[in-house]
Amino acid sequence: MTDADLPLDHVHVAPDDPCDRAVVVLHGRGANERDLLPVARELPPHHVVSLRAPEQMGPGYTWYDLDLSDGGLHRSQPDPDGFRRSLDLVADAVDAAREAYGLETVGLLGFSQGAIASLGLLLEAPDAYAWVAALHGYLAASHADRAPAGVEGVPVFVGAGDDDEVIPPGRAAEAAERLRAVGADVTHRNYPTGHGVGRAELDDVVAFVSGR
């Protein structure tokens, strides 16, 4: 099967056996649509639809610029215009992928900026996603007060690194606490890592998705 024409460049990996489940993958800042494929391929059989962020950043891509006005990278927030554009593009790409690849159930797997976008998408359209795995991210201030109908019971995995200086673990903890408060079924784990996904975290993500 060739890749369909979606609003964002992407890589599609079909499972060996036909199914209507998919994981939509959102990479981190400065990476590309192939960066998280080794992670996604360890999940139970799914279509993998890994999207490329829309803006060039060196040899990679970014979902949005950063607002650093609150004191540096570890306290940054998404630039509102770029964040809005990317959320809309991802939502449109998910809709197009559902039609093109015959998908019924879609989960989101995001790292760093991709995790932040994934949590924003969940709070904008909770009925669209069966689960979300948000690794080393946080809940954007623009979405922190949202409490949409439909988020109750949605499984959300929040992973963080104890030594992560890019997105400190406290920011992930705040996201997990807020998501629990609005009714999501949250699994929150910390790992002895920096800003990256280690073996223990990957194993827990695989177990989380398998349990869905």
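The values are calculated or read from the model by the stated rules, or taken from the named source; none is laboratory data. Computed from a predicted structure; not experimentally measured. In this analysis, Cβ positions are derived from the backbone assuming ideal geometry, glycine residues included, and neighbour counts consider all displayed protein chains.
What to note about this one:
- Condition check for residue 209: in contact with a helix residue (DSSP H, G or I) (Cβ under 8 Å, 6 or more places away or on another chain) and more than 18 Å from residue 29 (Cβ to Cβ): no
- Some residue of region 101-109 being closer than 29 Å to residue 210 by Cβ and of a type in the set (D, E, K, R): yes
- Answer from 206, 197, 186 - the residue that is of a type in the set (Val, Ile, Thr) and under 26 Å from residue 82 (Cβ atoms): 197
- So residue 173, is it surrounded by fewer than 20 Cβ atoms within 10 Å (Cβ to Cβ), assigned to a loop (DSSP other than H, G, I, E, B) and over 15 Å from the mean Cα position of the chain (by Cα): no
- Residue list for region 71-128, restricted to those being of a type in the set (Ser, Thr, Tyr), in contact with a strand residue (DSSP E or B) (Cβ under 8 Å, 6 or more places away or on another chain) and modelled with pLDDT of 95 or more: 101, 105, 112, 118
- Residue count for region 182-203 under the criterion of being surrounded by fewer than 18 Cβ atoms within 10 Å (Cβ to Cβ) and either charged (D, E, K, R) or assigned to a helix (DSSP H, G or I) (or both): the result is 6.
- Only a single criterion out of (1) touching an Asp or Glu at 6+ places or on another chain (Cβ under 6 Å); (2) over 19 Å from residue 131 (Cα atoms); (3) not charged (D, E, K, R) is not satisfied by residue 30, namely (1).
- Strands (runs of 3 or more DSSP E) contained entirely in region 1-88, each with at least 2 residues that are surrounded by 20 or more Cβ atoms within 10 Å (Cβ to Cβ) and out of contact with any Gly (no Cβ under 7 Å at 6 or more places or on another chain): 21-26, 47-51
- Residue 177, sole failed condition from (1) touching a helix residue (DSSP H, G or I) at 6+ places or on another chain (Cβ under 8 Å); (2) without any contact (Cβ under 8 Å) to a residue 60 or more places away in the chain; (3) of a type in the set (D, E, K, R): (1)
- Positions within region 150-163 being of a type outside the set (A, V, I, L, M) and at pLDDT 95 or above, in sequence order: 152, 153, 155, 157, 159, 161, 162, 163
- Hits in region 101-118 (condition: touching a Leu at 6+ places or on another chain (Cβ under 7 Å) and assigned to a helix (DSSP H, G or I)): 114, 115, 117, 118
Per-residue answers, yes or no, for (1) closer than 23 Å to residue 85 by Cα; (2) among the small types (Gly, Ala, Ser); (3) touching a residue at least 12 places away in the same chain (Cβ under 8 Å):
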position	(1), (2), (3)
5	yes, no, yes
15	no, no, yes
21	no, no, yes
50	yes, yes, yes
60	yes, yes, yes
69	yes, yes, no
